[in-house]
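See below for the structure under consideration.
The values are calculated or read from the model by the stated rules, or taken from the named source; none is laboratory data. Model, not experiment: these values are computed from the prediction. When we count neighbours, we look across all protein chains shown, and the Cβ atoms used for this are built from the backbone with ideal geometry, even at glycine.
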Amino acid sequence: MTIPPRSMTVIDDEFQRLEGIEEICFDEDVMTFLQDAQATLKYKGIYNLRGPFKRSLIHYAAMGDCAELLLYLLQDGTAKDDLDHNKRTPLSWAAQYGALRAVKLLLDNGVEVNSMDDMYTTPLSWLIQAGRGPNRAATIDYLRRNGATRRGATRASIKRKITQVFPSCFL
């Protein structure tokens, strides 16, 4: 899918915003991945490349609240619940960064609101525990109104899961 020049200008600005995120700008591999992805968009069109930490472009677009890029990735059929090496989804990253537009766009496209990563942490849990950004409170409210829970984030829920599998260990 080719991207119209006006949208490409917006996407270029979104890539600049991504490069300003602290966790990204201090990681040379991630910076190189994003620069390559941006260059690829200009001559190949939309393509969901996979980079360091098995994160794909959709993860970074969600993290940076890059609504235009995210929209094109979703329209092109990119896996909306794509998992990185920690089994985190784009929604998980969008939530952690308080990326309200990305959260809305992902939920409007049918992502799993309570997906759990390899630590049994939900997007809402990430937002509450490590969330940042000016839209943090609004993002918490939006996720909750759309059925998000913190299940999986507490020791009690992990103990419940273990107890179900190994009931004799907790007698």
Exercise. How many of the residues making up region 97-112 are touching a Cys at 6+ places or on another chain (Cβ under 8 Å) and among the β-branched types (Val, Ile, Thr)?
Worked result: 0
For this session: Return the residue satisfying two criteria in turn: it lies in region 129-158 and is modelled with pLDDT of 95 or more, among the aliphatic types (A, V, I, L, M) and surrounded by 15 or more Cβ atoms within 10 Å (Cβ to Cβ), and of such residues it is farthest from Asp81 (Cα to Cα).
Result: Ile140
For this session: Just name the residue that is surrounded by the fewest Cβ atoms within 10 Å (Cβ to Cβ) out of those in region 107-128 that are among the charged types (D, E, K, R) and touching a residue at least 24 places away in the same chain (Cβ under 8 Å).
Result: Asp118
Exercise. Is at least one residue of region 52-64 of a type in the set (Lys, Arg), touching a strand residue (DSSP E or B) at 6+ places or on another chain (Cβ under 7 Å) and within 21 Å of Gly20 (Cα to Cα)?
Worked result: no
Exercise. Given the structure, is Tyr60 among the hydroxyl-bearing types (Ser, Thr, Tyr) and either under 30 Å from Asp141 (Cβ atoms) or surrounded by 19 or more Cβ atoms within 10 Å (Cβ to Cβ) (or both)?
Worked result: yes
Exercise. So which residues in region 18-46 are exposed (fewer than 14 other Cβ atoms within 10 Å of the Cβ) and either of a type in the set (D, E, K, R) or in contact with a Ser or Thr (Cβ under 8 Å, 6 or more places away or on another chain) (or both)?
Worked result: Glu22, Glu23, Glu28, Asp29, Asp36, Lys42, Lys44, Gly45
Seminar exercise, completed: Scanning region 110-120 residue by residue, the ones that are over 13 Å from the mean Cα position of the chain (by Cα) and either under 9 Å from Ser92 (Cβ atoms) or among the charged types (D, E, K, R) (or both) total 1
For this session: Looking at (1) hydroxyl-bearing (Ser, Thr, Tyr); (2) touching a helix residue (DSSP H, G or I) at 6+ places or on another chain (Cβ under 6 Å); (3) modelled with pLDDT of 90 or more, find the lone condition where Thr163 falls short.
Result: (3)
Problem set entry | Filter result (touching a residue at least 24 places away in the same chain (Cβ under 8 Å) and either assigned to a helix (DSSP H, G or I) or among the acidic types (Asp, Glu) (or both)) within region 129-141 | Gln129, Ala130, Arg136, Ala138, Thr139
Problem set entry | Phe53, sole failed condition from (1) crowded, with 19+ Cβ neighbours inside 10 Å; (2) without any contact (Cβ under 8 Å) to a residue 40 or more places away in the chain; (3) not small (Gly, Ala, Ser) | (1)
Problem set entry | Total residues in region 109-128, condition β-branched (Val, Ile, Thr) and either touching a Phe, Trp or Tyr at 6+ places or on another chain (Cβ under 6 Å) or assigned to a helix (DSSP H, G or I) (or both) | 1
